[in-house]
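Here is the structure we will look at, set down as structure tokens.
Rule-based calculations on the coordinates, nothing more; no lab input. Fair warning: this is a prediction, and the values are worked out from it, not measured in the lab. Heads up, the Cβs are rebuilt from the backbone with ideal geometry, glycines too, and the neighbour counts pull from every protein chain shown.
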Amino acid sequence: MKKNKLFIGAILSLTMLASCKTSNTYANNAYNTPLFETNYFLDCHDFAKEAGIAKENITLSPDDYFGQDEYQNEHTSGEGFSIVKERYPEMFQYYDKSSKKTVTLDTRNDWTNANEGTEVGIGEYFGRTKCLGTADSSFKSDGVLSKLYNGQLRCWGFYAQARVQIDENGFETKMPKTMQSGKYFLACIRGGSNATKIIDGREVSDGRFCTVDLIVTLYKQNAVYEVTMPSVSFFTDNHGFNVSAVGFAFDKIPSLDPKGITGYGVKFANLIDPSNPTIETDATKKSDKYFGLMLYEVMFPDATWGD
């Protein structure tokens, strides 16, 4: 009981951290400065440790999570959803009540403005139809992280308004609602850095593939699951529309009942950047070259939410 109270206290303290409205987070060009290393979202915590709850560590095999490899990325023009569509086609289905038909949602084009409401594109675009902001309106005002919940799967020129840049320590957060039922975790990611190369006398971004072990932490009141997806491949410094959809189905973790999930975290480890083997992944370290993982969306497709 004491541990549970500690955990609840830690989660409540997190609510205060994420209480500001999204519109307030962009003042003075927040997270969109000329210096790459000043654009990291550094809300780094370990609430399991603070609450005294042991994490259950799970490492998924490539067959147990979906993510793009270099071949898939290269042959889908960076569209990045081919594997998850192949494994879980039902995730992209939507029953349109007005036409009384089931339609397949589009993942290639989500041209809607990052500042528009999530109601734009419902029944047409996968992101807008199944994002957290559409699932429950409380996610629309969950601080800076709200831009991960609005269905804007790519940059489309909105830069920091569309994504959150994290270092290897990542972040952890309490969500405004508790999951009542759910099937999947999905994130839209790419890599970014301030590393460049000189071509014909010009300084240009070095578009390339990188890999990391992507680590997702799921919090319940008295249980914590740290799920590692090893060797996730994605484009880096090759434009913000080249994202990869990465994630897993909850049924791949037999001990996990998704009911009661009230928080999550995302971080990464073991970066392999072929062009920059010494690039820094920790924003607190002094370096001339930094790497950041760019999160465009965090989704729990088809989940239901309650207090």
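Things to note:
- Long-range HN-HN contacts of Trp305 with modeled amide H, under 5 Å: Gln180
- The alpha-carbon atoms of the chain define a convex hull whose volume equals 136 cubic angstrom per residue.
- Pairs beyond 18 Å (Cα-Cα), from Lys49/Lys259; Lys147/Lys289; Lys177/Lys220: Lys49/Lys259; Lys147/Lys289
- Here the range 153-307 is assigned +1 on the Cβ of each Lys and Arg and -1 on the Cβ of each Asp and Glu. Its dipole about the Cα centre then comes out at about 240 debye.
- The Cβ shell under 12 Å around Asp63 holds other residues with a net charge of +1, Lys and Arg each +1, Asp and Glu each -1.
- Note, ³J(HN,Hα) from phi for the range 293-298, Karplus 6.51, -1.76, 1.60, rounded to Hz, x at Gly and Pro: 8, 9, 9, 9, 7, 10
- Cross-link partners of Lys286 among aspartates and glutamates, defined as those whose alpha carbon lies under 14 angstrom from its own and excluding same-chain residues fewer than eight positions apart: Glu37, Asp167.
- Ellipticity estimate at 222 nm from DSSP helix runs (n ≥ 4, -39,500 (n - 2.57)) divided over the chain, nearest 500: -3500 deg cm²/dmol
- Eligible aspartates and glutamates near Lys183 by straight Cα distance, threshold 14 Å, same-chain separation 8 or greater: Asp64, Glu90, Asp251, Asp257, Asp302
- Taking Cα centre as origin and charging only the Cβ of basic (Lys, Arg, +1) and acidic (Asp, Glu, -1) residues, the dipole magnitude of the chain rounds to 920 debye.
- Cross-linked pairs Lys101/Lys140; Lys174/Lys267; Lys252/Lys285; Lys197/Lys267: Cα-Cα separations exceed 25 Å for Lys101/Lys140; Lys252/Lys285; Lys197/Lys267.
- Peptide ranges 80-91, 183-194, 131-142 listed from the most packed, as the mean C-beta count within 10 angstrom indicates: 183-194, 131-142, 80-91
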